[in-house]
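Working notes, structure below.
The values are calculated or read from the model by the stated rules, or taken from the named source; none is laboratory data. Model, not experiment: these values are computed from the prediction. Neighbour counts run over all protein chains shown; Cβ positions are idealised from the backbone, glycine included.
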Amino acid sequence: MRSEPTVTERKLWQLLRGEKLGVKFRRQQVIGPYIADFACLHPRLIVEADGASHFDEEYDARRDLWFEQNLFRVLRFRNVDILEKPAEVEAAIRRAIGPR
């Protein structure tokens, strides 16, 4: 079940949607036993907005390990960075995507 996006997730989606970065991202994508905030299947990249729902570091570590074992790269951004430094967040995502 999809939840309503937070303000931060909406801001991040503005950066990712519509193939603005040259690849297609999906919001709240089910991958295996988890739901990624944003996922790009080619390349295998997951982008997470870390806010109040990410308070369990052990769970996040298990989740990230599962994604990595299934050949996904995981990028996590703090909410404050998404809201206050969107250009830096976008640049980090572009670097992770690599040349297109």
Test: residue in the range 42-53 that is hydroxyl-bearing (Ser, Thr, Tyr), surrounded by fewer than 15 Cβ atoms within 10 Å (Cβ to Cβ), in a helix (DSSP H, G or I) and free of Cβ contacts under 8 Å to residues at least 40 places away in the same chain: no
Members of the range 56-74 found to be exposed (fewer than 15 other Cβ atoms within 10 Å of the Cβ) and within 20 Å of Thr8 (Cβ to Cβ), listed by number: Asp56, Glu57, Tyr59
For Gly18: the one exception among (1) part of a helix (DSSP H, G or I); (2) surrounded by 12 or more Cβ atoms within 10 Å (Cβ to Cβ); (3) out of contact with any strand residue (DSSP E or B) (no Cβ under 7 Å at 6 or more places or on another chain); (4) of a type outside the set (Phe, Trp, Tyr): (2)
Selection count, the range 81-91, where residues are within 15 Å of the chain's Cα centre (by Cα) and either surrounded by 14 or more Cβ atoms within 10 Å (Cβ to Cβ) or at pLDDT below 95 (or both): 6
In the range 75-100, the residues that are assigned to a helix (DSSP H, G or I), in contact (Cβ under 8 Å) with a residue 12 or more places away in the chain and within 12 Å of Thr8 (Cβ to Cβ): Asn79, Ile82, Leu83, Pro86, Val89
